[in-house]
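Structure record follows, encoded as structure tokens.
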Amino acid sequence: MQMSDTREIQAPPTDVYAALLDPEVLKACVAGTQEISGNPADGYEATVVQKVGPVKATFKGTVTMSDMVEGERLTIAGEGKGGAAGFAKGSANVTLSPSESGGTVLAYDVDAKVGGKLAQLGSRLIDGFAKKMADQFFIKLQEHFEGPAEPAEGEETSDEEGKKGWLGRLTGRD
């Protein structure tokens, strides 16, 4: 499965590059990360818990960085085993370029593969999950620099005060 996208981040390319190498930032950006240790030169070891459709698994794996040109590009490759759930592996080629607004245009190309029970779930479910994971990662990275996005006017918030049960919505009561 392959996907590509771009995102503008309001920070200089050198800061975005440094954040991509910081294990604490990586831990905050990868949903379900239990622990991460290591460094960019030797690679990282990570434990991530994910639920893909009906399959929940704890993946233990490695992440390596290569093709590193400070402030310009890097390749992030990872591989994890989730026991009976199977395995996941992939890589992302990330390029950083200055934007006209003084920030960074981050572009990425991801190639990912899964095997075992995960592969049996079907490509539509896996592709949707992988896209969601990539989007979440880069949204969290963007929030690391810019703070959480403000909800658009008229858009419901996700906090408890803004929620109503389905029955409340139907009857107009809380």
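A short reminder: the numbers here are calculations on the coordinates, not readings from a lab. In this text the structure is predicted, and so the values were computed from the model without any measurement. Here Cβ is always computed from backbone atoms with ideal geometry, including for glycine, and neighbour counts include all displayed protein chains.
Quick look at the numbers
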| quantity | calculated |
| --- | --- |
| The chain: calculated mean residue ellipticity at 222 nm from DSSP helix runs of at least 4, using -39500 (n - 2.57) | -8500 deg cm²/dmol |
| Mean shadow area of segment 68-147, taken as a quarter of the surface of its Cα convex hull (nm²) | 6.3 nm² |
| For segment 2-171: relative contact order, % (alpha-carbon pairs under 8 angstrom, 6 or more apart) | 23 percent |
| Label zone at Thr6, where the point sits 7 Å out along the Cα-to-Cβ direction: segment 96-129 residues whose backbone N lies under 20 Å | 96-111 |
| Gain in span if fully extended, Leu125 to Glu35, counting 0.36 nm per residue against the direct Cα distance | 29.8 nm |
| GluC sites (Glu not before Pro) lying in DSSP loop within segment 33-119, provided at most 16 other Cβ fall within 10 Å | Glu70, Glu72, Glu100 |
| Spherically averaged projected area of the chain from its Cα convex hull (nm²) | 12.1 nm² |
